[in-house]
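The values are calculated or read from the model by the stated rules, or taken from the named source; none is laboratory data. Since the model is a prediction, treat every value here as computed from it, not as a measurement. Backbone-built Cβ (ideal geometry, glycine too); neighbour counts: all protein chains shown. Just the protein is used for accessible areas: all its heavy atoms, side chains included, with ligands, DNA and RNA removed. Shrake-Rupley method; radii C 1.70, N 1.55, O 1.52, S 1.80 Å.
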Amino acid sequence: MRNYEELNIAQEVSETDPFTRERYKQFYCHFPDDVQTVIDIGCNTGRGGQILKELNPSLKVVGLDCVASRLAKISPDIYVNTICSYSSNIESPDFSFDVVVAGEFIEHIYPDEVLSTLQEFYRILKPAGRLLLTTPNPNYLRLKLTGGSVLGGAHVSQHYSTDLKQQLESVGFVNVEITGSGKVTRILGEKFPILSLYGSYLVIATKE
């Protein structure tokens with residue numbers, strides 16, 4: 001049995017990440033104009049969902065996380081519903097959401113479950129719906145210089161941008177775009193052409 005709950009409970013930094021506000025504001029900048037329904041994958045204690053609601057109070061946001069104790073901490077005015085489940089089997093009907101957001105999440109999924117997770121994201125999106133996800137960048141220059149790694153702790157997979165783009169396209173996503181994310185965006189914005197300068201990257205993908 002996969003120990004997702006144990007691994008993620010042990011990673012307390014996810015509840016205090018100082019970049020969360022900027023990450024969700026970056027997500028929101030890439031929302032379609034007519035967005036109404038959003039699912040926040042790996043919502044934790046709802047910090048990201050709260051930011052989305054501040055930016056657009058009319059959004060109907062659902063939160064998903066596998067750690068029940070964190071869902072229990074969420075203020076009831078953030079999400080219209082919360083789902084305690086794994087991302088490879090989301091309890092939502094087909095075509096449920098305009099947008100799927102997954103901030104620093106996919107690296108918490110074991111490699112053999114990544115494809116099924118991406119397929120679930122595709123399934124629950126409406127036609128022309130948008131997936132927005134960020135993940136640590138294995139090609140980050142600082143990691144290369146220090147011999148560091150994305151893997152470790154609750155991070156059980158790593159995702160090179162070219163490989164993740166190919167996986168998304170194999171599922172059916174189109175117009176897959178990769179831009180920078182993380183703290184370096186405070187200096188360079190998200191469009192600087194050297195992706196290795198970013199500690200994380202943002203994927204923007206559309207369901208046909």
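From the list G63, G48, G42, the one residue that fits, being open to solvent by less than 30 Å² (accessible area, probe 1.4 Å), at positive phi and in contact with a strand residue (DSSP E or B) (Cβ under 8 Å, 6 or more places away or on another chain), is G42.
Selection of segment 17-43 for residues being part of a loop (DSSP other than H, G, I, E, B), closer than 13 Å to E104 by Cα and at pLDDT 95 or above yields G42, C43. Which one of L141, L118, L151, L145 is buried (at least 21 other Cβ atoms within 10 Å of the Cβ) and on the phi < 0 side of the Ramachandran plot? Just a single option satisfies the conditions, and that option is L118.
Would you mention how many residues in segment 60-111 are of a type in the set (D, E, K, R) and closer than 22 Å to K126 by Cβ?
4
Candidates in segment 83-109 are the residues that are open to solvent by less than 50 Å² (accessible area, probe 1.4 Å), in contact (Cβ under 8 Å) with a residue 24 or more places away in the chain and hydroxyl-bearing (S, T, Y); of these, the one that is nearest to G182 (Cα to Cα) is S87.
In segment 71-79, the count of residues that are outside any strand (DSSP E or B), of a type in the set (S, T, Y) and in contact with a helix residue (DSSP H, G or I) (Cβ under 9 Å, 6 or more places away or on another chain) is one or more. Checked against the criteria, T179 does not count as touching a residue at least 60 places away in the same chain (Cβ under 8 Å) and either outside any helix (DSSP H, G or I) or among the basic types (K, R) (or both).
Candidates are the residues of segment 162-194 that are closer than 14 Å to L141 by Cβ and buried (at least 17 other Cβ atoms within 10 Å of the Cβ); the one that is farthest from the chain's Cα centre (by Cα) is V184.
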